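The values are calculated or read from the model by the stated rules, or taken from the named source; none is laboratory data. In this text the structure is predicted, and so the values were computed from the model without any measurement. Positions of Cβ are generated from backbone atoms using ideal geometry, with glycine treated the same way; all protein chains shown enter the neighbour counts. For accessibility, only protein heavy atoms count, side chains too; no ligands or nucleic acids. Shrake-Rupley method; radii C 1.70, N 1.55, O 1.52, S 1.80 Å.
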Amino acid sequence: MRRRYAATLAAGAVLAVTACGGLSTSSTIQPGLEVGSVQENEVRVEVNPVAPGSSPEQVVQGFIRAAAASDDSYQVARSYLASGPQSTWRPDSSVVVFGSDSEVTYQPSNDDTVTAVAKAIARIDGSGRYQELPPRSTVKVTFRLARAGGEWRISQVPGNFGTWLSQADLDRLYDPFRIYYVSAGDHRLVPDIRWLPIGTGLATRLARSLLAGVPDYLRGAVRSDIPVGTRLAVDAVTVASGTAKVDLSATRLGNDPGQRQNLGAQFLATVTQAPGVERVALQLEGADLQMPNGDSTVDSLSLLGFPTPSDPVVKPVVRVGTALVAVNPDDVGDNGQRVPPPQPTSFPTVQPGWAYLAMSRNGEEIAAVGGDRAQLVRWRGTNQVQLTSPGTMLTRPTYDREDVLWVAGRSNGATRIWAVNAAADPGDAAKSTPQTVSADWVSGRTVVSLRLSPDGQRIAVVTTDRDGSDPRVDVAGVVRQPNGLPASLSSPLRLAPTLALARDLVWVDDATVAVLGRLTSSQVIRPWLVPLGGPIAAGPEIAGARTITTVNGERGLVVTTDDHRVLIRAGSRWQRVGEGTDLLVAAR
């Protein structure tokens, strides 16, 4: 397991056990802390240069193994190449990940070529984007060899070949890191995940990844205040006494103080993931690049206008029959029947015909869909304020942090995603009518579940084809209008293609979703932790799991089951919260 995610998940498991199953309703997320302080790669693997008399097959096999060495300049691997390929081979152009050496085979031929075939489980592109591959994927490349001084050497490296690594080598050489952008709506940092080689030069690689610009799936949802075309004026980020010096070459960097603050925040949150980096000194072609406060060295996100986000503390709510009961964290361990509180209550009475409940960010509004999945209803307090029928096959609704209510379904035979301005007067039909959010990529598919990220700038969606097969888990940026209402979704980033079933999902932090599903039809359903880039990780099995949410990140996962149990994760098992058909968490 990767160091960065391993530390986070291990800490979550310990906390879950020590909390005795208690529900926590507070969770602090700080940019840059999740991926933590990186340790230098202390494990080095020595490999042998090409041996005299090696056959073509041995040369290709030795070359692929040598490329997995810790030597950043790949000098040993290059000894297997003729003089021409040594200058054209780009080891950092892509990485193919396979399970073990036994999953790579070599097929020599009579025309001085050797074909290598790997049972691949993942691919990392030149930008560091990790893509998990579907089951039984294979990658094949053919090398041409020629004799040089009587010895076989590789004379032609395929253009699509970078490096092939076993899973063990990937764990040793690479780690996931967060590249930060600025929310298009407010002062919040939004991360993207990239896999980069650890060790010498990490600060430089992080800075270059940030300079590459916003990825396609986040376009319109986030921005980078680093001008397009900006490069490192000095082709390295130097680190001394905890300070990383980033010298930029930019032709369009203006004097807008907001732009400079955002730029400083992006570099600070991104580059301080490198070992020993505590602050960032920004320069523009050798001259200090000053922030609005006059400093050129940045060491505090809050001083740059990016304080730690805080959400209102709203207790989760359990549905017991027709009553909604606020959950007190102090008595969650009670395994008995939860008794509804005496009336009056601030929650509505929810008749049996309504299902799939959701709660707004401030806890003052509840939404549900009808049992026939053709009606959407909203309550404020105890009062029903809206009843509408935007379509059929409606999903569970969900609120985002901008007080927008989301739901998906079908209308006139087409798949639709709708947004409702829950902050508007429900009596104003022009403002509170469900509006279609443009998303061409759901066309022809059925939306099963959708959830908004904690920052509100991304949406995770589970879809299937029309007969319920071919599940997809996609994440896309939310492109909003100036008033904060969503207009469209960007092109999606596909995650977890190995899942054969995906029933529901929830964001557990700002870079990971938990998907309720399974890999094969013979497995019991369980939550799968799915990062925005990286291998998925299995949670504990839970037979009959129907929905999933969280009260406090990965350690606070909660599922409801077909037999009306509400269960919270407690380490490698599930602990009963009580009886109920729904557990509502604000803006989840």
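Things worth noting here:
- In the chain, taking the dipole from charged Cβ atoms about the Cα centre, the farthest positive-side position among 180, 204, 506 is held by 506.
- This model, with +1 at the C-beta of Lys and Arg and -1 at the C-beta of Asp and Glu, gives segment 392-514 a dipole about its Cα centre of some 280 debye.
- With contacts taken as Cα pairs under 8 Å at a separation of at least 6 residues, segment 158-206 carries a relative contact order of 31 percent.
- Qualifying trypsin sites (Lys or Arg not before Pro) in segment 431-485, where qualification requires a DSSP coil assignment and no more than 11 other C-beta atoms within 10 Å, comprise 466.
- Relative intensity of segment 54-137 on a log10 scale, I(q)/I(0) at q = 0.13, 0.17, 0.19, 0.22 Å⁻¹, equals -0.47, -0.82, -1.01, -1.25, per a Debye sum over C-alpha point scatterers of equal strength in the absence of solvent.
- For segment 153-227, the Kirkwood hydrodynamic radius from C-alpha pairs, put into Stokes-Einstein at 10 °C and a viscosity of 1.306 mPa s, yields a diffusion coefficient of 108 µm² per second.
- Rounded Å value of the spacing that divides the Cα centres of segment 362-382 and segment 60-133: 55 Å
- Cα convex hull of segment 395-484, projected area averaged across orientations, nm²: 6.0 nm²
- With contacts taken as Cα pairs under 8 Å at a separation of at least 6 residues, segment 457-585 carries a relative contact order of 14 percent.
- Note on segment 156-282: with charges restricted to the Cβ of Lys and Arg (+1) and Asp and Glu (-1), its dipole about the Cα centre is near 200 debye.
- Degrees, to the nearest 10: 257-271 long Cα axis against longest axis of the chain: 70 degrees
- Value of Rg to Rh for segment 88-247, rounded to two decimals, is 1.06; Kirkwood radius and Rg both from alpha-carbon coordinates.
- Under 10 Å, Cβ to Cβ, from residue 152 - net charge with Lys/Arg +1 and Asp/Glu -1: -1
- Cβ-placed point charges (K, R +1; D, E -1), dipole of the chain about Cα centre in debye, nearest 20: 920 debye
- Percentage of interatomic Cα-Cα distances in segment 215-287 larger than 18 Å: 42 percent
- For segment 227-305, trypsin sites (Lys or Arg not before Pro) meeting the loop criterion (DSSP other than H, G, I, E, B) and having at most 10 other Cβ atoms within 10 Å: 252.
- Segment 195-330 - share of DSSP beta bridges that are antiparallel (%, nearest 5): 65 percent
- Percent RCO, i.e. relative contact order, over the chain, from Cα pairs under 8 Å lying at least 6 residues apart: 13 percent
- Where labels lie 7 Å past Cα in the beta-carbon direction, separation of residue 524 and residue 103 in nm: 2.6 nm
- Taking every protein chain into account, the 1.4 Å probe leaves residue 187 with about 80 Å² of accessible area, to the nearest ten.
- Sequence-ordered 3J(HN,Hα) estimates for segment 189-203 from the Karplus curve with 6.51, -1.76 and 1.60 and θ = phi - 60° stand at 8, 10, x, 10, 9, 10, 9, 10, x, 8, x, 4, x, 4, 4 Hz, glycine and proline given as x.
- Comparing the chain with the 2.2 N^0.38 Å rule of thumb, its C-alpha radius of gyration ratio is 1.06 (two decimals).
- Accessible area of the chain divided out per residue, in Å², using a probe of 1.4 angstrom: 41 Å²
- Tilt relative to the chain, helix 56-66 - C-alpha long axis, 0 to 90 degrees, to 10: 50 degrees
- Put simply, the amide H of residue 164, placed in the peptide plane, has neighbours under 5 Å in 96, leaving out anything fewer than 5 places away on its chain.
- The largest-to-smallest principal axis extents of the Cα set in segment 208-254 are 37, 23, 17 Å.
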